[in-house]
1. With Val340, Val332 as the choices, which residue is buried (at least 20 other Cβ atoms within 10 Å of the Cβ), of a type in the set (A, V, I, L, M) and touching a residue at least 60 places away in the same chain (Cβ under 8 Å)?
2. Quick one: what pairs do we get from the stretch 176-187, first residue without any contact (Cβ under 8 Å) to a residue 40 or more places away in the chain, second β-branched (Val, Ile, Thr) and assigned to a loop (DSSP other than H, G, I, E, B), C-beta under 7 Å, 6+ apart or different chains?
3. Can you name the residue in the stretch 199-224 that is over 15 Å from the mean Cα position of the chain (by Cα) and open to solvent by less than 20 Å² (accessible area, probe 1.4 Å) and, of all such residues, is nearest to Asp292 (Cα to Cα)?
4. Just one of (1) out of contact with any Leu (no Cβ under 9 Å at 6 or more places or on another chain); (2) more than 20 Å from Val117 (Cβ to Cβ); (3) modelled with pLDDT of 95 or more trips up Pro226, so point out which.
5. Listed residues Arg205, Arg210; which is out of contact with any Lys or Arg (no Cβ under 8 Å at 6 or more places or on another chain), farther than 23 Å from Gly275 by Cα and assigned to a strand (DSSP E or B)?
6. Name every residue in the stretch 92-142 that is open to solvent by less than 10 Å² (accessible area, probe 1.4 Å), more than 13 Å from the chain's Cα centre (by Cα) and acidic (Asp, Glu), in order of residue number.
7. Taking the residues in the stretch 179-195 that are part of a loop (DSSP other than H, G, I, E, B) and surrounded by fewer than 14 Cβ atoms within 10 Å (Cβ to Cβ) as candidates, determine which candidate is farthest from the chain's Cα centre (by Cα).
8. Filter the stretch 151-171 down to the residues that are loosely packed, with under 14 Cβ neighbours inside 10 Å and among the β-branched types (Val, Ile, Thr), then identify the one that is farthest from Ala11 (Cα to Cα).
Amino acid sequence: MGPLVRPPALAPGDRVAVATLSWAGAHEVPDRFDMGLRQLAATLDVEVVELAHTRSAQDELTPQARADDLHAAFLDPSVRAVVSTIGGDDSIRMLPHVDHDLLAANPTIVLGFSDTVVTQLACLHAGLVSFCGPSLLAGFAENGGMFDYARDGVLAALRTTEPVVWQPNPDGWTTELLDWEDPSSASIRRTTRPSRGWQWLRGDRPVTGRLLPFCIEVLDWFRGTPWWPDLDGALLAIETSEEAMPPDALVRMLRPLGITGELAGLAGLLVGRPGGMTVDGVLDRPDDEAYDAALSDLLDEFAPDLPLVTGLDFGHTEPVWTLPIGVDATLVPDAGHIVVQPGVA
């Protein structure tokens, strides 16, 4: 994989388009969507615009319609960034309709997570840096306003061109489920629980690699396709969705990378805090330690010397830090942080 082009940083007053490339969340929960528009504009100090199908119903969001909206945003020179409405499970259907040369010729920021990995892999295929971070409905439309950590992370990623130090969030995290269709919940702060911090389980020396943060379930769909990323020397950062896969299922997804030698070829393996919904105070997923043990057993077999850090603040818990995809980053175990380089501007 050669050098990537990083789209220009956002400036105050820039135009940002909101694109619905997966689930029709803007149509299904319009009040929360409108709240997200307001909070996105205020957080980034930008003008927010919608595309032709941003508020379309699911049956109108054909693969071609989604690709058309993505192309329209990239072709508009006044639009400097595209923010995903939310994830879902089928935007991979859009890929045959995406013009990668058009993306490459018009570098534009793409921000989101979960099913947005599809668009981010398209950007990577086109030679562009994109960004793993909050979506409109899950992030910017946070109840009671964005968490400070999430706000600071997205500003650091999109508004600066200097190296960024990524550190653990000291203020707790949440996956509490509140009713998005109930307007009265919009001002209710979600309950957070204390973080156990990042777990530096393997590797005691600094190591540098190309940062590739993805939702593992979505990445797994791309095996054997032209969009599968080059993992040689990468810092592969994976996270699991709100479906809360058990540790043995996560291992089954990663074991093929052991068989192909790709695990051993990584510079490091980073794992986000596991996703899973919290309903009535009960967290519906295994303990973090169960994931750590399963991952350690996997590396014992395939890559015993591979640095491993778990419990990082990205993915399907809140708040999340925003990570550029495809730039160099350095693990600094002694300091307990990761230095993320800006990449090519």
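1. Working: Val332 fails: buried (at least 20 other Cβ atoms within 10 Å of the Cβ).
None of the other options fit; the residue is Val340.
2. Once the first residue is without any contact (Cβ under 8 Å) to a residue 40 or more places away in the chain and sits in the stretch 176-187, its partners that are β-branched (Val, Ile, Thr) and assigned to a loop (DSSP other than H, G, I, E, B) give Leu178/Ile188.
3. Gly209
4. Pro226 satisfies all of (1) out of contact with any Leu (no Cβ under 9 Å at 6 or more places or on another chain); (2) more than 20 Å from Val117 (Cβ to Cβ); (3) modelled with pLDDT of 95 or more except (2).
5. Going through Arg205, Arg210 in turn, the sole match is Arg210.
6. Glu142
7. Initially, the stretch 179-195 is screened for residues part of a loop (DSSP other than H, G, I, E, B), giving 179-182, 188-192, 194-195.
Applying the additional criterion that residues be surrounded by fewer than 14 Cβ atoms within 10 Å (Cβ to Cβ) yields 179, 181-182, 188-189, 191, 194.
Details: Asp179: 23, Glu181: 24, Asp182: 26, Ile188: 25, Arg189: 22, Thr191: 22, Pro194: 22 Å.
Looking at residues that are part of a loop (DSSP other than H, G, I, E, B) and surrounded by fewer than 14 Cβ atoms within 10 Å (Cβ to Cβ), I get Asp182.
8. This residue is Val165.
The values are calculated or read from the model by the stated rules, or taken from the named source; none is laboratory data. The model shown is predicted, which means the values in this text are computed figures rather than measured ones. Methodologically, a virtual Cβ is constructed for each residue, glycine included, from the backbone with ideal geometry; neighbour enumeration extends over all protein chains shown. In case anyone asks, the SASA skips ligands and DNA or RNA and just uses the protein heavy atoms, side chains included. Shrake-Rupley method; radii C 1.70, N 1.55, O 1.52, S 1.80 Å.
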